[in-house]
Amino acid sequence: MDFSKLDNRIRNKELFNKVMTAEEASKFIHDEMVIGVSGFTPSGYPKAVPLALAERVKQSGEKMHLALYSGASLGPEVDGAWAEAGIIAKRLPYQTNSKLRNSINEGEVEYLDMHLSHTPQYVSYGILPKVDVAIVEAVAITEEGHIIPTMGVGNTPVFVKQADKVIVEINTAKPLALEGMADIYMLENPPHRKPIPITKPDQRIGTTYIPCGNDKIVGIVITDLQDKTRPLTPVDDISKKISANILKFLEKEVKLGRLPKNLLPIQSGVGSVANAVLYGLCDSDFEDLTCYTEVVQDSMLELLRCKKAKLASTTSISPSPEGLVKFEEEIEFFKDKIILRPQEISNHPEVARRLGVIAMNTALEVDIYGNVNSTHVMGSRMMNGIGGSGDFARNAYLTIFTTASTAKNGNISSIVPMVSHVDHTEHDVMVIVTEQGVADLRGLSPKERALEIINNCVHPDYKPMLLDYYKRAYESAYKHTPHILEEALSWHIKFMKTGSMK
């Protein structure tokens with residue numbers, strides 16, 4: 001290998017002695033270990049070593065059951081390949097891979113679905129078993145052995161701090177211009193924890209590298225593999241209508257004096273609705289926006305390009321494949337407009353509350369009292385996970401959940417008498433938006449919330465059914481939060497038996 005071309009990537013010559021193949025590096029991983037990997041939704045994750053390990057296990061047939069910790073979802077080279085090889089025994093805190101999802105729902109993998117801000121605490125406090133090996137993708141390693149991350153920080157700093165051994169994948173496909181975007185600030189455990197000194201989204205409070213040290217690094221693998229980021233979900237008519245409803249609501253809040261003209265820092269989840277809202281902001285009258293979020297995707301990059309937003313603080317840059325190419329071509333433009341933080345900071349309740357974030361996330365279903373299910377289809381089948389939505393929902397100045405009013409070609413109502421699983425209780429949900437309209441639940445009692453949601457957000461096919469349920473529940477039960485328990489989940493049961501809630 002021509003090391004002369006790597007001088008700017010590996011800046012301590014002694015570390016060249018630790019350069020090895022992915023196959024050699026995989027030998028540091030053994031059965032029943034806890035592996036912490038870099039990456040977040042899915043960006044900045046290691047690829048070569050996980051693929052080599054999966055192939056090794058397939059070829060050797062050796063026993064390999066690992067606990068896999070990450071920041072959020074990972075690419076198919078980890079979640080997919082390891083699920084297929086049967087080497088994941090436990091997974092946390094979030095995933096989106098279909099093979100892994102099936103293994104979770106079939107009971108083959110134990111899955112701990114967690115608030116993303118809680119994961120680093122669980123690791124640092126020793127609540128979770130200790131990380132044995134950290135595998136980290138990097139742009140470069142400094143003279144002192146510190147790691148410069150690529151496009152996803154996630155939980156990497158706490159994994160590196162705790163791990164006995166660190167394997168670094170130097171990805172030469174990632175531009176060195178990424179150096180300087182990261183702002184790594186780590187927290188002490190109580191009782192030594194200090195306030196996080198962020199009062200504006202654009203503040204930098206840490207280092208541009210992840211502290212590690214040369215001695216902890218046991219292997220360095222050179223790769224040029226790009227992230228398998230997701231294609232951009234098309235923005236359909238329903239998403240556009242939801243976006244228009246949100247923008248009208250925000251404009252009204254400004255007129256009422258409850259939001260400033262440039263809004264408050266925006267947090268947005270992923271998917272077609274989130275993209276539609278942010279693209280809608282590009283065409284709106286709002287200006288001088290800021291973002292304090294966990295993932296920057298194509299639409300948020302476009303907000304920065306069109307100069308409607310001046311800064312995005314995040315823990316991951318995860319554009320579509322086409323968006324990734326464009327981002328890397330324009331990286332000098334974005335370098336002073338994006339800050340990459342550990343998710344311990346990007347998702348921290350303290351910061352979200354202080355900044356007064358506007359949180360916009362997606363629901364699978366909502367009930368008439370405002371409880372939200374973000375994770376479980378029909379109550380039992382895991383979709384992806386709660387992710388960071390709970391971190392922001394409970395602590396935001398304004399919490400908005402969006403969903404199309406129906407699913408499965410109209411055979412499912414996304415608004416139901418009672419959700420089949422609760423991720424966000426009525427106490428954390430302020431506004432519900434569907435393509436039908438907006439339900440502002442702030443300051444309303446349960447009965448008032450029910451009528452607000454039914455009258456404004458429910459599809460016409462289901463509105464009479466929900467009004468009938470609510471009327472009969474009010475007449476036959478206690479009056480504070482009226483329910484007919486025999487019928488509360490009957491809509492789900494009917495769908496599972498007949499294929500329709502109608």
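The values are calculated or read from the model by the stated rules, or taken from the named source; none is laboratory data. The structure presented is a predicted model; accordingly, all values stated were derived computationally and were not measured. Note that each Cβ is placed from the backbone with ideal geometry, even for glycine, and that neighbours are counted across all protein chains shown. Ligands, DNA and RNA are stripped out before the accessible areas are found, and what is left, the full protein with its side chains, is counted by its heavy atoms. Shrake-Rupley method; radii C 1.70, N 1.55, O 1.52, S 1.80 Å.
The table below gives the values:
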| quantity | calculated |
| --- | --- |
| Heavy-atom accessible surface of the chain: percent carbon and sulfur, 1.4 Å | 51 |
| Length released on extending from residue 472 to residue 143, taking residue separation times 0.36 nm less the Cα-Cα span | 111.3 nm |
| Solvent-accessible area per residue for the stretch 339-414 (1.4 angstrom probe, square angstrom) | 26 |
| Neighbourhood net charge (9 Å Cβ-Cβ; Lys/Arg +1, Asp/Glu -1) for residue 54 | -1 |
| Tail beyond 44 Å, pair distance distribution of the chain (Cα, percent) | 16 |
| For residue 209, residues with placed amide H under 5 Å, excluding near neighbours | 184 |
| Which of 370, 135, 411, positive extreme of dipole for the chain (C-beta unit charges) | 370 |
| Within the stretch 340-421: Cβ-based charge dipole about Cα centre, in debye rounded to nearest 20 (Lys, Arg +1; Asp, Glu -1) | 80 |
| Under the Karplus curve 6.51 cos²θ - 1.76 cosθ + 1.60, θ = phi - 60°, whole-Hz ³J(HN,Hα) for the stretch 219-229, x wherever Gly or Pro sits | x, 10, 10, 9, 9, 9, 8, 7, 4, 8, 6 |
| Under Karplus coefficients 6.51, -1.76 and 1.60, residue-wise ³J(HN,Hα) of the stretch 436-441 in Hz, glycine/proline x | 7, x, 10, 10, 8, 9 |
| Proximal lysines to residue 58, defined as alpha-carbon separation beneath 20 angstrom and excluding residues fewer than eight positions away on the same chain | 27, 47, 90, 99 |
| Estimated vicinal HN-Hα couplings, Hz - the stretch 287-302 in sequence order (Karplus 6.51, -1.76, 1.60; Gly, Pro = x) | 9, 6, 7, 10, 10, 10, 9, 10, 9, 9, 10, 3, 5, 6, 4, 5 |
| Degrees separating the helix 463-476 axis from the principal Cα axis of the chain, which is the longest one | 70 |
| Alpha-carbon spread of the stretch 354-409, three principal axes, descending order, Å | 39, 20, 19 |
| Förster radius 60 Å - calculated FRET efficiency between residue 8 and residue 199, Cβ distance, rounded to 0.05 | 0.95 |
| CD proxy at 222 nm, helix term only [per DSSP H run n ≥ 4: -39500 (n - 2.57); per residue of the chain; nearest 500] | -8000 deg cm²/dmol |
| Nearest-ten-degree value, helix 237-255 long axis tilted from longest Cα axis of the chain | 80 |
| Debye, to nearest 20: dipole size of the stretch 281-340, +1 on Lys, Arg Cβ, -1 on Asp, Glu Cβ | 160 |
| Cα-based equivalent ellipsoid of the stretch 38-143: semi-axis lengths in Å, sorted from largest, via gyration tensor | 20, 18, 14 |
| Inter-label distance, nm, simple model (7 Å from Cα along the C-beta direction), residue 188/residue 106 | 4.9 |
| Volume in Å³ per residue [convex hull over Cα atoms, computed for the stretch 280-370] | 141 |
| Among 120, 151, 268 the positive-end extreme of the charge dipole of the chain (Cβ point charges) | 268 |
| Under 5 Å, built H, 5+ apart or other chain: amide partners of residue 423 | 372, 373, 374 |
| Shape metrics for the stretch 327-425, restricted to C-alpha atoms - Rg then Dmax, Å | 16.6, 51 |
| In the stretch 292-389, lysine pairs with alpha-carbon atoms under 15 angstrom apart (chain gap of 8 or more, or interchain) | 6 |
